[in-house]
Amino acid sequence: MNNVFYGKLIFELSREGRRGYSLPKNELASYSMTDMPNALLREQDPGLPEVDELTVVRHYTNMSNNNFGVDTGYYPLGSCTMKYNPKINEEIAVHRAFTGLHPLQDIDTVQGALEVYYKLQQSLATLAGMKEFTLNPYAGAHGELTGLMVMRSYHASRGDDKRTKVIVPDSAHGTNPASAAVCGLDVVVVKSRPDGTVDVDDLRPLLDDTIAGMMMTNPNTLGIFEHSIAEIAKLVHDCGGLMYYDGANLNPMLGKVRPGDIGFDIMHINLHKTFSTPHGGGGPGSGPVGVREGLEQFLPSPRVIRIDGDDDCYEYNIDFGKDSLGSISGFLGNFGVMMRAYTYILTLGRDQVKNVGPLATLNANYIKESLKDVYELPIEGVCKHEFVFDGLKDKSTGVTTLDVAKRLLDYGYHAPTIYFPLLFHEALMIEPTENESKETLDGFIDVMRKIAQEAKDDPEMVKSAPHTTPVRRLDDTKAALHPIVTYRELAAEQ
Amino acid sequence: MNHKFFPHTDEDIRSMLDKCGERSLDDLYKDVPSELVFKREYELPEAMSEVEIRRYFDELGTYNTQLTCFAGAGCYDHYAPAVVADIIRRSEFLTSYTPYQAEISQGTLQYIFEFQSMMTELTGMEVSNASMYDGATATAEAMMMAVANAKKRNKVLISDTVNPIVTRVVETYAKFHGVEVEHIAAKDGVTDRAEFERKIAQGDAAGVIVASPNFFGIVEDYTGWANLCHDNKALLIMNCVASTLGVLRSPAEWGADIAVGDGQSLGIPMNFGGPYVGFLCTSKKLIRKMPGRIVGATTDLDGKRTFVLTLQAREQHIRREKATSNICSNQSLMALYVTVYLSLMGKQGLREVNEMSYSGAHYLAEKLTETGHFHLTYPDKPFLNEFVINTDLDVQQIQEWTVDEDFQFGLRLDDHNILVCVTEMRSKAEIDALVESVKQYIEFINDQQD
């Protein structure tokens, strides 16, 4: 089997009568489903594949070889914080004393699990400078939605129902305005200054008693620290709004700045970014939401609380508060992800965690300074954990950011984030993380310079990259114009 | 620095700072006003070695008790083949990002395509997205989809037989999204048909949410429901327990427009509530209203069959506040879990799982009834692996008694009713042992009363 170009679907390996499982004999077969009314049963069996065990193992192993993870190679994907995902996290996440717990089982029998949940809440609170956290949200965007629900609940509790708008910078992540819309809020966009930070003069006239709050990420999506943050927070607070911190860019803040100390009232954290849990090809993530004192009663239910007794005795319980905004998850969120994040925090401890931000920032600045003579750096000066180039410096070759990104794949690197933020036409957003060695960064820098040279010497070759990947550039238009999204459709087509 | 996660030597840091024209790491933060810099200590323990971390979690684990599980209510203790956990640990899957760079992400893209294909086979629907956070949020997204589809209507009906955990999440989303949720009462354990007919006839509902099997484990008969919904221009949304789709009449066969639910019952460990995976399937004509990622088939420059994220024009990173949803990720790795599970189990394995669960649940119901202190709360209603049983005993006391013998004997619904579940994981010996424990409790009570 040619595993590099492997492309079969599991359905195409199916033969009637094969099986890949083993179950005990049914000891109680006299109680049979045939007693169910026929009208309630399926007319046709589902068309699932029938495959033996080894075939399944080879199939998915071959498919994994067509993938690229942090363990495979360098992943400078801006805004995504592709850290190393420590192996001890994975080991602890499948600890047998935790994986078999039913989420609704007797509270006295899950005290260990509740302690993990509670202590992670507290750890995040001290790291972020917030009063309380909930770990229920499943992802960053889910955290944003939950945080905005807290914001609306706060205004509603004061009978202030005119506040229907939320301010979002033009450089914000797309989830910010989308979360606001799902939460029933109207979006007002505030412009950026030429240096990429929020234009305070543009913000002032937007502020009135219809503003529920403002969403910001700091450093922003250009990797620039919003130096006017104290003034912005004061302006928003003075008009009665709350400040929301999008934690997607929290990594450079670790050890240096706490969102709760610089004027933010509500925030989320992406455990799958800052706290090293794996991205898993798009999830499961976790998006804990933190709030300052005075907002904790609005956090979603259920909540994990600690009840202190005599003599240092305490126990954990689950609470449904009367002021809570409601439930946003079936149970207590992605518990397996929390086990990993808590392990990571314990591995670093209170001293080493302070090095995360500065080292991530050092790596980003080092790459920026090493490449700015060949790539267009639109904003000079020190960046934080990431920065944005506006394509190649030499635009005469016709080689675009997309081409550079695709050519990087040929050299065994994942591409940076491209065409985001929308402030530049050829945005190329690079985030190295603190885990990468100088040798890795130097290797990446060399390749980026080589591609810049190739763009001059042989632009057509760069424009048709990648050349060595399992598949070549894909026809996106065809996929969207004539969507084929299941095997059944595909088989009918063939 | 000297930590296994930080590779730089002092010399590396010096030379890199030189390149940046800075003297110290602190200088990299010179753009941060100094009054905003955190200068105190975090309230965290000191760093732990791996030896200490293992010891720490081993000790925390002793505060949990592994119970023999007879509980369901949205989370089910099912068998998963050893292969599944092994495959999802492969770091090429585990440590990759969302598959934006399709040329080096065919592994992820292909399994999502397989996941979508399998979920459409199970639900009978035409299309599926790449997965959602969980079953409850998937149902809330379906509710918003129905409202967006109806344009001028903002009311949704929900049956009181839907799992209250799901209903709670739907109501939270509805409250903030400006949707009115009206309940349809339960009668004898099933949705009150007369009330449904009355409310749908008002012609102002965008959608109707029902469950199969419902919260009480009952398999409801939805004959004619879809027609009534469609006659009144509402979508029928069916929340399903994924594993039961292997045998029960599918949402498509009932005529549903959107099928949603949690995929946890497809072998995902209970894991104290997550991570699980939600699914959302619908008809092709509603595909552009769907939230979340969708993977489609296409070809590459060489004409080779490939897979790619498609119909992204619906999504937040393109449409921002006009997107169909704010969802950005999916639960990708858990979708892989389900895909590998279903590849191994196939239709026959899923059938056996349901047969065994049915047998165990009906046997346990019979044995409990024979004690003379229990009877099925809804005796005439068909159920698969979950049922409500009424008792004249004190529910809280009997649960405490059985927990002491390491059983989770169902979940308490009220002072007299317990929701009990049996899956293929429970052997006859385990069921008998639970019944024995219950009998001992009855004897204990009788002795006390004598």
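Any read-out appearing in this document is the output of simple, stated calculations on the displayed coordinates, not a laboratory observation. As the structure is a computational prediction, the values presented were derived from the model and not from experiment. As a convention, Cβ positions derive from the backbone with ideal geometry for all residues, glycine included, and neighbour counts pool all protein chains shown.
Just a few scattered comments:
- Computed 3J(HN,Hα) for the range A:334-348, one whole-Hz value per residue from the Karplus formula 6.51 cos²θ - 1.76 cosθ + 1.60 where θ = phi - 60°, is 7, 4, x, 5, 5, 4, 5, 5, 5, 4, 4, 5, 5, 5, 7, glycine and proline marked x.
- Prolate/oblate/rounded call for chain B, Cα gyration tensor, a/c under 1.5 rounded: oblate
- Net charge of neighbours whose Cβ lies under 13 Å from the Cβ of A:His467, counting Lys and Arg as +1 and Asp and Glu as -1: -3
- Secondary-structure-derived ellipticity at 222 nm for the protein assembly as shown, considering helices only, amounts to -11000 deg cm²/dmol, per-run term -39500 (n - 2.57) for DSSP H runs with n ≥ 4.
- Amide hydrogen neighbours beyond the local backbone of B:Leu413, cut-off 5 Å, H modeled: B:Ile418, B:Leu419
- Computed from phi, the 3J(HN,Hα) profile of the range B:418-433 under the Karplus parametrisation 6.51, -1.76, 1.60 (θ = phi - 60°) reads 10, 9, 10, 9, 10, 10, 5, 6, 8, 6, 4, 4, 5, 5, 4, 5 Hz, with x in place of Gly and Pro.
- Tensor-based shape of the protein assembly as shown (alpha-carbon gyration tensor, a/c under 1.5 rounded, otherwise prolate or oblate): prolate
- Beta bridges by DSSP in chain A, antiparallel share as percent, to the nearest 5: 55 percent
- Shape of chain A, Cα gyration tensor, a/c cut at 1.5: oblate
- For the range A:1-71, GluC sites (Glu not before Pro) meeting the loop criterion (DSSP other than H, G, I, E, B) and having at most 15 other Cβ atoms within 10 Å: A:Glu16, A:Glu27, A:Glu43.
- For A:Tyr413, residues with placed amide H under 5 Å, excluding near neighbours: none
- As a proxy for reagent exposure, ranking A:Phe389, B:Phe444 by other Cβ atoms within 10 Å from fewest up yields B:Phe444, A:Phe389.
- Shielding by partners - mean other protein chain Cβ count within 10 Å, residues of B:175-185: 3
- Close amide H pairs (under 5 Å, H built 1.01 Å from N) link B:Thr298 with B:Thr306, B:Phe307, B:Val308, residues at least 5 positions away or on another chain.
- With θ taken as phi - 60° and the Karplus curve 6.51 cos²θ - 1.76 cosθ + 1.60 applied, the whole-hertz 3J(HN,Hα) list for the range A:459-475 is x, 5, 4, 5, 5, 9, 5, x, 10, 10, 7, x, 9, 9, 3, 9, 8 Hz, x standing for glycine and proline.
- For A:Lys25, A:Lys165, order by how many other beta-carbon atoms lie within 10 Å, fewest first: A:Lys25, A:Lys165
- Aspartates and glutamates whose Cα lies under 16 Å from that of A:Lys463, excluding same-chain neighbours fewer than 8 positions away: A:Asp394, A:Asp403, A:Asp410, A:Glu426, A:Glu454, A:Asp475, B:Glu103, B:Asp300, B:Asp302
- For B:Lys428, the lysines whose Cα comes closer than 30 Å to its Cα, not counting residues fewer than 8 places off in the same chain, are A:Lys25, B:Lys347, B:Lys367, B:Lys381, B:Lys439.
- Cα-based reach from B:Lys175 at 24 Å (exclusive), listing lysines while leaving out same-chain residues under 8 positions away: A:Lys162, A:Lys165, A:Lys322, B:Lys151, B:Lys152, B:Lys155, B:Lys199, B:Lys233, B:Lys289, B:Lys322
- Taking the DSSP beta bridges with both ends in chain B, the antiparallel portion is around 55 percent.
- Among beta bridges that DSSP assigns inside the protein assembly as shown, antiparallel share in %, nearest 5: 55 percent
- Cα-based Rg of the range B:82-341 normalised by 2.2 N^0.38 Å, two decimals: 1.00
- Here the range A:282-323 is treated as a sphere whose radius is the Kirkwood value from Cα pairs; by Stokes-Einstein at 37 °C and 0.692 mPa s it diffuses with a coefficient of 260 µm²/s.
- Sites count as exposed loop sites when they are trypsin sites (Lys or Arg not before Pro), lie in a DSSP loop, and have at most 11 other Cβ atoms within 10 angstrom; the longest stretch of chain B without one is B:153-450.
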